[in-house]
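Read the structure below first, then the notes.
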Amino acid sequence: RTEGGGEIFPTTPFPSPWNSGAVDNLAARYSGYVHVPSAGARTFGVNSDDGFRLRINGAVVAEYPPPRGPGVTTGNYTFPAAGSYSIELTWYENGGGDIVQLFQEATGGTRTLLNGGSELTVTLDDPIIFTGTNVQVLDAANISAELDLTGAQPGPWSVEITPAQGSVCRLVNGLTVE
């Protein structure tokens, strides 16, 4: 998301010269992978000032090409199965105010920013997902879970724990497969 000063997910400023004044006359392309836990239709929305285009798996899900003040545009995408799908958000800022926010809209209209508590997770790389069973939070610093790591390459792995509620926890080289 950007907020007046060109802030990107969530607090890293744009590199110079954009972080030293007005954030005008620029374009940005964000790309990665969106992980969905199950098949089915999802509604996505983009709050933008100015225009944007959102693609999932190469298909245009939503777009607003002309300049505008802050506004929301939504679109739907049906995922054929659980898994990871490519996602690309292209946005431009033409002058005046600036914002871009990508969110999931639930039935009833509740909007949640991706990676901000929504059921969907966006990552830079296409992750390999292992689902834990018998997951138990033992205390503030320890979690116990059973994982079937069949097919996992030996070596250090970074781990991302995505709870049903709350913040995502990332552990760089937090697991070694032997």
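The loop-placed trypsin sites (Lys or Arg not before Pro) in the range 48-135, going by DSSP, that have at most 16 neighbouring Cβ atoms within 10 Å of their Cβ come out as R68.
Close amide H pairs (under 5 Å, H built 1.01 Å from N) link D126 with no residue at least 5 positions away or on another chain. Restricting the calculation to Cα atoms, the range 68-153 shows an Rg/Rh of 1.07 when the hydrodynamic-style radius is the Kirkwood one.
The share of alpha-carbon pairs in the range 31-178 lying farther apart than 22 Å comes to 48%.
Calculate what fraction, in whole %, of the accessible area of the range 34-154 sits on carbon and sulfur atoms when a 1.4 Å probe is rolled over the protein chains.
Within the range 34-154, the accessible surface is 51 percent carbon and sulfur.
In the context of the full protein assembly, L138 retains an accessible surface of approximately 100 Å², using a probe radius of 1.4 Å and ignoring ligands and nucleic acids.
The values are calculated or read from the model by the stated rules, or taken from the named source; none is laboratory data. Only a predicted model underlies this, so the values are computations on that prediction, with no experimental measurement involved. FYI the Cβ positions are ideal-geometry reconstructions off the backbone, even for glycines, and counts take in every protein chain you see. Accessible surface is based on the protein model in full, side chains and every heavy atom, while ligands, DNA and RNA are left aside. Shrake-Rupley method; radii C 1.70, N 1.55, O 1.52, S 1.80 Å.
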